[in-house]
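Peer 1: Starting off with a structure, shown below.
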Amino acid sequence: DQLTLQLKWVTQAQFAGYYVAKDKGFYEEEGLDVTILPGGPDIAPTQVLAGGGADVIVEWMPAALAAREKGLPLVNIAQPFKSSGMMLTCLKESGITDPTSDFAGKTLGVWFSGNEYPFLSWMSHLGLSTEGGAEGVTVLKQGFNVDPLLQKQAACISTMTYNEYWQVIDAGIAPEDLVTFKYEDQGVATLEDGLYVLESTLEDSEKVTDLVRFVRASMKGWKYAEENPEEAAEIVLENDETGAQTLEHQVRMAQEIAKLTAGTDGTLDEADYQRTVDTLLAGGSDPVISAAPDGAFTHMITERAFD
Amino acid sequence: MTEAASAAPGRRLWDGLQARALPVLTVLLAIVAIWYLGAIWMNGQWVRDQAARADTVLTTAEFIRQTLALDRPVLPAPHQVAAGLWEGIAGQRITSRRSLVWHGWVTLSATLAGFGIGTLAGILLAVGIVHNRAMDQSVMPWAVASQTVPILAIAPMVIVVFASAGITGLLPKAIIAAWLSFFPVLVGMVKGLRTPDAMQLDLMRSWSASRAQQFWRLRLPSSMPYLFASLKVAIAAALVGTIVGELPAGATAGLGARLLSGSYYGQTVQIWSALFAAAALAAALVMLIGAIETLVLKRMGLAR
Amino acid sequence: MSALPIIAVWLGAWGLNAWLARFDTRLTRFLVALIFGATILVLWEMVVRLYQVPTVILPAPTQIAASFAANRGVLWTDFVQTIVKGALTGWVIGALAAIATAIAIDRSPFLQRGLLPIGNFVAALPIVGIAPILVMWFGFDWQSKAAVVVVMVFFPILVNMVAGLAATDPMQRDLMATWAAPYGASLRKMRLPAAMPFLFNGLKITTTLALIGAIVAEFFGSPTRGMGFRISTAVGRLDLPLVWAEILVAAVAGTLFYGIVALVEKKVTFWHPSQRPQRG
Amino acid sequence: MAHPVIEAKGVGLTFQTADGPVDALKDVDLTVGRGDFVSFIGPSGCGKTTFLRAVAALESPTAGTLRVNGMTPDAARKARAYGYVFQAPGLYPWRTIAGNISLPLEIMGFGKADRAARIARVLELVDLAGFGGKFPWQLSGGMQQRASIARALAFDADILLMDEPFGALDEIVRDRLNEALLELWKKTGKTIGFVTHSIPEAVYLSTKIVVMSPRPGRITRIIDSPLPPDRPLEIRETPEFIALAHEVREGLREGHGHD
Amino acid sequence: MAHPVIEAKGVGLTFQTADGPVDALKDVDLTVGRGDFVSFIGPSGCGKTTFLRAVAALESPTAGTLRVNGMTPDAARKARAYGYVFQAPGLYPWRTIAGNISLPLEIMGFGKADRAARIARVLELVDLAGFGGKFPWQLSGGMQQRASIARALAFDADILLMDEPFGALDEIVRDRLNEALLELWKKTGKTIGFVTHSIPEAVYLSTKIVVMSPRPGRITRIIDSPLPPDRPLEIRETPEFIALAHEVREGLREGHGHD
Ligand SMILES: Nc1ncnc2c1ncn2[C@@H]1O[C@H](COP(=O)(O)OP(=O)(O)OP(=O)(O)O)[C@@H](O)[C@H]1O
Ligand SMILES: Nc1ncnc2c1ncn2[C@@H]1O[C@H](COP(=O)(O)OP(=O)(O)OP(=O)(O)O)[C@@H](O)[C@H]1O
Ligand SMILES: Cc1ncc(C[n+]2csc(CCO)c2C)c(N)n1
Ligand SMILES: [Mg+2]
Ligand SMILES: [Mg+2]
């Protein structure tokens, strides 16, 4: 059976599990023909899903819940990523040591296009306005790369533990010259890289069977990638059509990703879900979502996959 | 005076070459020189910071050498870009994903498709506008408005919308390219088809020529110079459109994807190489159209 | 069968226009264009409703209008940031630089032969490529957007202006020679006026380029306002009506910008055959 | 047929311009019979071109009636009754001289061999044999004008309308073409309408000279020529000729008054 | 000064074209004294325009020597010795008629009041008073040509060079302007070089008629006119005039041969 998966970002080890499952024939074993569509800076996977361009998407939970409130009935069917890899990376020379006291008056780089929600809710936790001024923080829409930090246009930028952070290091800045704040450590972590489908898909029993097989094969891929990061990185590299990735960077990314996928078989942990919803709801005057969502996830698929 | 005129033809060719090549070379040289200075100046900050972090003091020669050899320069030096281009063009099998030739080909095919669609649309609309008064009055203002829609900004969305309608691959890119390239053709062709003067039209009338005869034998031939001028603009526009269309297609192929991934990883050398490859492609396409133009106009006796 | 009403509306509006077009007065010309646009909007609304196109793919005009009304403040802020600060400033600087360069080139055939071929090459550089570089050089705010616009509009205007300065006919130049006019006088009194139709051609083309450049450059980094910023953010938030409201602002602003330049052109180059009322 | 070739009764033509209406023609009555050679002469702006254009259905009169061969001018146009030579050559620059002459023939559906024969014949006639392969801009102004005359002659229209065809030519060439035109007219019996600024030319060529005057454009005199059809160039020194020229000049002066 | 105004000795001018060199002028010898009125006449392409342009330093001879007022033509140009009327009006379309006439005056640094007075005077002279505020394209071709003549007269250059200035005008207007030009010449004693295709015009106006012939462009005859400076229009019917015209025509025919 045919299935299309829309990734959240470009081909890289962040999505190693899916590429491994495809390359190693795990999907084929389940009788599936999976097409993997890479994402990009301005691709909104939710929009692709709504438009019928994909059956399943990889998306972050804040964006998925926000879309659900907008009337697009997204449902989480599996959660391969247990922990969040998001953090804010600052130059030590900016003098920031403690988020609660030092962010005021600084310029921070943030990703937008639906990825700004975790940051916004963190700031509202801290009681900082994002409109600039001495009491708030000035927000920059961060582009694709880490230049704003290197060029000192921002005191801190958003980075992922597995990707942008290492680009900063590769650019020649020593880890001692940096200060990082993980969202996990700040108690504002939200779930990343889950698999989402439309509610209507779940009403179709044939589709549901496909999804079950898909999740099962994908998780097999993830576990394989966890254990063999080098091989996973090579598989990713083969699938990269731009030819821009380097093996060294992808291997490192695969190793970092393994830390995030560790400790889950893909079943969504309700406690993690609740923490994400609470974080998003506690947004002060401008919460990301206004009410606790209902039916935003299902365990049906993972249960049938792993029983 | 007369002696100079009767100089040997070989000598004259050489003089002509010199008169053409010398200024270009001079300006080129000046640009490269300014570029090197700029590279030293713009990369200097980083080199100084690094030296400060490492607690070393650099000699001037050291400093200059380092600014021109950074991995992630703010402005790569010309020789770095040249090396990147050479590596991308000649250093790979052309089917390799690291080959600029391969990416160039992907972009080129979508560009040509979009250019074809755009040109056809532009010409058809122009013919309609010239022959139908209602079309003249209604289409033109909206054609102008259509170009002010920031198509480049909504290209990602357009790609998604097309994907939802089942159109994927080369076509969505080509349609964005076509959107950008139909306008110059439309404007040029309307002007061109209207360029026959009153007397030429009156002659046709006095011979009682049909509309079709008027079109094929008068309007179309006299619009040729305008058509070619617009085609040159249109093909460059189509290339830009394709490249932008390739950006949101994410990590797939094409010079646009190459630009983007270079940008994503801060690989300035890769950006600049892709950029130059794109510009060279555009220049080659424009030159190709120029060559066709000369050929056609010469056959028509319009080139002197 | 559900396409029937759509086709009916189309045919009806077309018939009305064909009839109106025969009068060819200023009023009917305006009406014809208006009806054409209105028809497209109605058809759009009908398609969206009849085929139940999801809002996240294509919102209906009425939804866009509602979003426009609800977000006037945001739209205005974005307009000022992107169009007034980014596009206009860049366009003015780029145009002035191009005109000055064109005059320099006009004086020196050496420059003309050296700069123009290279200029054509540079003009072919896709802006999307330079935008991230310029954002890196000029920072996140409107200055980098203006820089992108400067680069984008410079060469089209330069090429037109150079052609314009050379557009005097030989007789007009010979006349100046018989009067032994110095360069300054022949520039001011002959070349500049003769170049105006060409200059305006370049200025008109670049109005839309300037808008596009300023908006696209915001994709590569921006403060948290601006039309490009809003469009990409709103797409991420699935707020498609807001995206289209921004597009509407861009289209209206662009058309106005174009219209104003065309109007000034009419005033300045009233003498050019293309601006004179057609005889016969 | 009993119809006169051109019959104008009370023809008026008013242009609506931004500065108000312009009476290009007013109350024009004129009858031209088959085989007439009619010259129109008068100061600039008196409506000569406008009248010729109205006859060829390139303008529509706003008053009076105008008939050509008993039909409306437009019907006559559709019947391809006209060969028209404009004041400027109006050659199509992307066609060679032969191609230009061929164009109306193609439009009217002449066969290929017939076209070639006609082109050769008219090129000979205007002294351009051997130049058929050249493009217009490779010829001097005078040669271009002759080519445009050749083009109008090639398809043997009944009525030849010529708007100052010889204005750009020097005297010698002009004399030669005048003779050739007279020759052609005598041989073919075409009806010719001819606009000129030159009094001797009008007198030398015409069977009927129409003198016009501007503001509003109208006919002030119609002079029938007593000269015989055979006119050597030397006829211009005869007293009859000089008297006729004098009469035309008088007519012109009347209408000139204020200008 | 003892210098002749224009002195050409063995002047040749060859254009290098794609089809090979074209001898536009060859071995031209001519001396023009102060106050002469010289007409150049000859078939199309014989080099009349080229010679006038060489005198005005708009072309450089490739052989021989050419002096104007004892200087090189270029030095004379810089000294603003020339008023030049081209074959076509060549008005600047973005300036009104008055603005066009004012332009050379501005360039030469005339004061404002002086400019206004001169503009009014020359507009009167060419019968265009009241049209100063119009733009060129609002006038008929003839009026434009007169405006361009007015422009050349406004700054009182020593030497007036006119290239078929009256070609586009009808006979009556032409007669009137011929008279006015003669009047001006007698009054100011300017030296005038005048190209025309019309034999009577050349004879009527000139003190010296230069007949030229093409391929290569050269002078075939120089005819000094015995006519007195005072020339009513009727002089054209005198036997002297007719004889002179005949001589010019003979000269022209000689050079025409094959064309
Ligand atoms: N299309 C038009 N619109 C307005 N006015 C016109 C138009 N065509 C001609 N006229 C005016 O009609 C009058 C007659 O013009 P026409 O061209 O017939 O003159 P003409 O006798 O041919 O003059 P010429 O000897 O200069 O060719 C003029 O006053 C002219 O300005
Ligand atoms: N710029 C040029 N380049 C090449 N050939 C030229 C150029 N100007 C003139 N000629 C040639 O020089 C010869 C003389 O031309 P010129 O214009 O002086 O003739 P003319 O006597 O003024 O003719 P007309 O009466 O047609 O104005 C012609 O054969 C012409 O083709
Ligand atoms: C312009 C832009 N920058 C970052 C992201 C966010 N994002 C999505 S997946 C991922 C992991 C990258 O290693 C990141 C950072 C985005 N969507 N758009
Ligand atoms: Mg006329
Ligand atoms: Mg000449």
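Peer 1: Which of the following residues is without any contact (Cβ under 8 Å) to a residue 12 or more places away in the chain, at the interface with chain C (Cβ under 9 Å from one of its Cβ atoms) and either within 17 Å of the chain's Cα centre (by Cα) or open to solvent by 10 Å² or more (accessible area, probe 1.4 Å) (or both): E:Ala75, E:Ala79?
Peer 2: When all the criteria are applied, what remains is E:Ala79.
Peer 1: For the stretch E:109-139, how many residues are within 23 Å of E:Ala88 (Cβ to Cβ) and surrounded by 14 or more Cβ atoms within 10 Å (Cβ to Cβ)?
Peer 2: 14
Peer 1: A further question on this structure: Looking at D:Arg67, is it more than 20 Å from the chain's Cα centre (by Cα) and surrounded by fewer than 20 Cβ atoms within 10 Å (Cβ to Cβ)?
Peer 2: Judged against the criteria, D:Arg67 is not a match.
Peer 1: Within the stretch B:275-300, track down each residue that is more than 7 Å from every other protein chain (Cβ to nearest Cβ) and open to solvent by less than 30 Å² (accessible area, probe 1.4 Å).
Peer 2: B:Ala277, B:Leu285, B:Ile289, B:Gly290, B:Leu297 - these are the residues of the stretch B:275-300 that are more than 7 Å from every other protein chain (Cβ to nearest Cβ) and open to solvent by less than 30 Å² (accessible area, probe 1.4 Å).
Peer 1: May I ask you to verify whether C:Ala131 is under 18 Å from B:Ser273 (Cβ atoms) and out of contact with any strand residue (DSSP E or B) (no Cβ under 8 Å at 6 or more places or on another chain)?
Peer 2: On the way: under 18 Å from B:Ser273 (Cβ atoms): yes; out of contact with any strand residue (DSSP E or B) (no Cβ under 8 Å at 6 or more places or on another chain): yes.
Yes; evaluated as a whole, the condition is true for this residue.
Peer 1: Restricting attention to the stretch B:145-168, which residues are closer than 17 Å to C:Gly254 by Cβ, β-branched (Val, Ile, Thr) and open to solvent by less than 20 Å² (accessible area, probe 1.4 Å)?
Peer 2: Selection gives B:Thr148, B:Ile151, B:Ile154.
Peer 1: Quick test for you: out of C:Ser222, C:Ser186, pick the one residue that is at pLDDT 85 or above, open to solvent by less than 20 Å² (accessible area, probe 1.4 Å), polar (S, T, N, Q) and in contact with a Gly (Cβ under 9 Å, 6 or more places away or on another chain).
Peer 2: None of the other options fit; the residue is C:Ser222.
Residue-wise test of (1) within 21 Å of C:Val252 (Cα to Cα); (2) outside any helix (DSSP H, G or I); (3) open to solvent by 10 Å² or more (accessible area, probe 1.4 Å); (4) within 14 Å of chain A (Cβ to nearest Cβ).
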position: C:Phe155; (1), (2), (3), (4): no, no, yes, no
position: C:Val159; (1), (2), (3), (4): no, no, yes, no
position: C:Ala167; (1), (2), (3), (4): no, yes, yes, no
position: C:Phe198; (1), (2), (3), (4): no, no, yes, no
position: C:Gly202; (1), (2), (3), (4): yes, no, no, no
position: C:Leu211; (1), (2), (3), (4): yes, no, no, no
position: C:Ile215; (1), (2), (3), (4): yes, no, no, yes
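For every residue, the table says whether it meets (1) more than 30 Å from B:Ala54 (Cβ to Cβ); (2) modelled with pLDDT under 90; (3) open to solvent by 60 Å² or more (accessible area, probe 1.4 Å).
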{"residue": "A:Asp193", "(1), (2), (3)": "yes, no, no"}
{"residue": "A:Val208", "(1), (2), (3)": "yes, no, no"}
{"residue": "A:Phe214", "(1), (2), (3)": "yes, no, no"}
{"residue": "A:Lys220", "(1), (2), (3)": "yes, no, yes"}
{"residue": "A:Gln250", "(1), (2), (3)": "no, no, no"}
{"residue": "A:Leu268", "(1), (2), (3)": "yes, no, no"}
{"residue": "A:Ile289", "(1), (2), (3)": "yes, yes, no"}
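Peer 1: Of all helices (runs of 4 or more DSSP H) completely enclosed by the stretch A:89-186, which ones contain at least 2 residues that are within 20 Å of B:Gln50 (Cβ to Cβ)?
Peer 2: A:147-150, A:164-170
Peer 1: Okay, next question. Looking at the stretch E:75-174, what helices (runs of 4 or more DSSP H) fall wholly within it and have at least 1 residues that are closer than 20 Å to C:Thr168 by Cβ and away from ligand 4 (no atom under 16 Å from the Cβ)?
Peer 2: Per the criteria, E:97-107, E:141-154.
Residues are listed down the side, and each one gets a yes or a no for (1) assigned to a loop (DSSP other than H, G, I, E, B); (2) away from ligand 3 (no atom under 16 Å from the Cβ):
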| residue | (1), (2) |
| --- | --- |
| A:Thr4 | no, yes |
| A:Val10 | yes, no |
| A:Val20 | no, yes |
| A:Gly40 | yes, no |
| A:Thr46 | no, no |
| A:Gly52 | yes, yes |
| A:Ile57 | no, no |
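Peer 1: So is B:Pro221 touching a Phe, Trp or Tyr at 6+ places or on another chain (Cβ under 6 Å) and open to solvent by 10 Å² or more (accessible area, probe 1.4 Å) or not? Lay out the reasoning, then the answer.
Peer 2: Working: touching a Phe, Trp or Tyr at 6+ places or on another chain (Cβ under 6 Å): yes; open to solvent by 10 Å² or more (accessible area, probe 1.4 Å): yes.
So B:Pro221 passes the test.
Peer 1: Kindly list the number of the only condition in (1) within 12 Å of ligand 2 (Cβ to nearest atom); (2) within 17 Å of E:Pro216 (Cα to Cα); (3) not aromatic (Phe, Trp, Tyr) that fails for E:Gln87.
Peer 2: Looking at each condition in turn, E:Gln87 falls short on (2).
Peer 1: Scan the stretch E:219-232 residue by residue and report those that are farther than 16 Å from E:Glu250 by Cα and not aliphatic (A, V, I, L, M).
Peer 2: Across the stretch E:219-232, the qualifying residues are E:Pro226, E:Pro228, E:Pro229, E:Asp230, E:Arg231, E:Pro232.
Peer 1: Can you list residue pairs whose Cβ atoms sit under 7 Å apart, with the first residue in the stretch A:1-21 being without any contact (Cβ under 8 Å) to a residue 24 or more places away in the chain and within 13 Å of chain B (Cβ to nearest Cβ) and the second being of a type outside the set (Gly, Ala, Ser) and away from ligand 2 (no atom under 16 Å from the Cβ)? Count only pairs 6 or more apart in sequence or on different chains.
Peer 2: Here the result reads none, with nothing in the stretch A:1-21 linked to a residue that is of a type outside the set (Gly, Ala, Ser) and away from ligand 2 (no atom under 16 Å from the Cβ).
Peer 1: Is one or more of the residues making up the stretch A:232-240 of a type in the set (D, E, K, R), touching a residue at least 12 places away in the same chain (Cβ under 8 Å) and open to solvent by less than 10 Å² (accessible area, probe 1.4 Å)?
Peer 2: Yes, that holds for at least one residue.
Peer 1: Does the stretch A:122-141 contain at least one residue that is surrounded by 21 or more Cβ atoms within 10 Å (Cβ to Cβ), within 11 Å of ligand 3 (Cβ to nearest atom), closer than 21 Å to C:Arg237 by Cα and modelled with pLDDT under 90?
Peer 2: So far as the stretch A:122-141 goes, yes, one or more of its residues are surrounded by 21 or more Cβ atoms within 10 Å (Cβ to Cβ), within 11 Å of ligand 3 (Cβ to nearest atom), closer than 21 Å to C:Arg237 by Cα and modelled with pLDDT under 90.
Every residue, every condition in (1) more than 10 Å from every other protein chain (Cβ to nearest Cβ); (2) touching a strand residue (DSSP E or B) at 6+ places or on another chain (Cβ under 6 Å); (3) over 30 Å from D:Lys26 (Cα atoms); (4) within 16 Å of ligand 5 (Cβ to nearest atom), yes or no:
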{"site": "D:Gly130", "(1), (2), (3), (4)": "yes, no, yes, no"}
{"site": "D:Gln144", "(1), (2), (3), (4)": "yes, no, yes, yes"}
{"site": "D:Ala152", "(1), (2), (3), (4)": "no, yes, no, no"}
{"site": "D:Leu184", "(1), (2), (3), (4)": "yes, no, yes, no"}
{"site": "D:Ser206", "(1), (2), (3), (4)": "yes, yes, no, no"}
{"site": "D:Met212", "(1), (2), (3), (4)": "yes, yes, no, no"}
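Peer 1: Now for a separate question. Which one of the conditions (1) of a type in the set (Gly, Ala, Ser); (2) more than 14 Å from chain D (Cβ to nearest Cβ); (3) in a strand (DSSP E or B) does E:Ala24 fail to meet, given that it meets all the rest?
Peer 2: Going through the list (1) of a type in the set (Gly, Ala, Ser); (2) more than 14 Å from chain D (Cβ to nearest Cβ); (3) in a strand (DSSP E or B), E:Ala24 breaks only (2).
Peer 1: Out of all the residues in the stretch E:32-41, is one or more at positive phi, open to solvent by less than 30 Å² (accessible area, probe 1.4 Å) and modelled with pLDDT of 90 or more?
Peer 2: Here is the first cut: in the stretch E:32-41, the residues at positive phi are E:35.
Checking the rest, the ones that are also open to solvent by less than 30 Å² (accessible area, probe 1.4 Å) come to E:35.
Cutting the leftovers down to modelled with pLDDT of 90 or more gives us E:35.
The answer is yes, given that some residue of the stretch E:32-41 is at positive phi, open to solvent by less than 30 Å² (accessible area, probe 1.4 Å) and modelled with pLDDT of 90 or more.
Peer 1: Has the stretch E:61-71 got any residue that is in contact with a helix residue (DSSP H, G or I) (Cβ under 9 Å, 6 or more places away or on another chain), away from ligand 4 (no atom under 16 Å from the Cβ), polar (S, T, N, Q) and farther than 30 Å from E:Lys134 by Cα?
Peer 2: Yes, some residue in the stretch E:61-71 is in contact with a helix residue (DSSP H, G or I) (Cβ under 9 Å, 6 or more places away or on another chain), away from ligand 4 (no atom under 16 Å from the Cβ), polar (S, T, N, Q) and farther than 30 Å from E:Lys134 by Cα.
Peer 1: Could you give me the residue pairs with C-beta distances under 8 Å whose first residue belongs to the stretch B:270-298 and is under 20 Å from B:Ser99 (Cα atoms), whose second residue is acidic (Asp, Glu) wherever it lies, and which are 6+ apart or on separate chains?
Peer 2: Listed pairs, sorted by first residue: B:Ser273/B:Glu87.
Peer 1: If you check C:Thr55, C:Thr28, which single one turns out to be in a loop (DSSP other than H, G, I, E, B) and touching a Leu at 6+ places or on another chain (Cβ under 8 Å)?
Peer 2: Checking each option against the conditions leaves just C:Thr55.
Peer 1: Let me confirm something: among D:Val55, D:Val11, which residue is at negative phi, open to solvent by less than 20 Å² (accessible area, probe 1.4 Å) and either within 16 Å of ligand 5 (Cβ to nearest atom) or within 16 Å of the chain's Cα centre (by Cα) (or both)?
Peer 2: Checking each option against the conditions leaves just D:Val55.
The values are calculated or read from the model by the stated rules, or taken from the named source; none is laboratory data. Predicted model, so just to flag it, every value in this text is computed and none were measured. Every residue, glycine as well, gets a Cβ built from its backbone with ideal geometry; the counts of neighbours run over all protein chains shown. When the accessible area is computed, the model is the full protein with side chains, heavy atoms only, and any ligands, DNA or RNA have been set aside. Shrake-Rupley method; radii C 1.70, N 1.55, O 1.52, S 1.80 Å.
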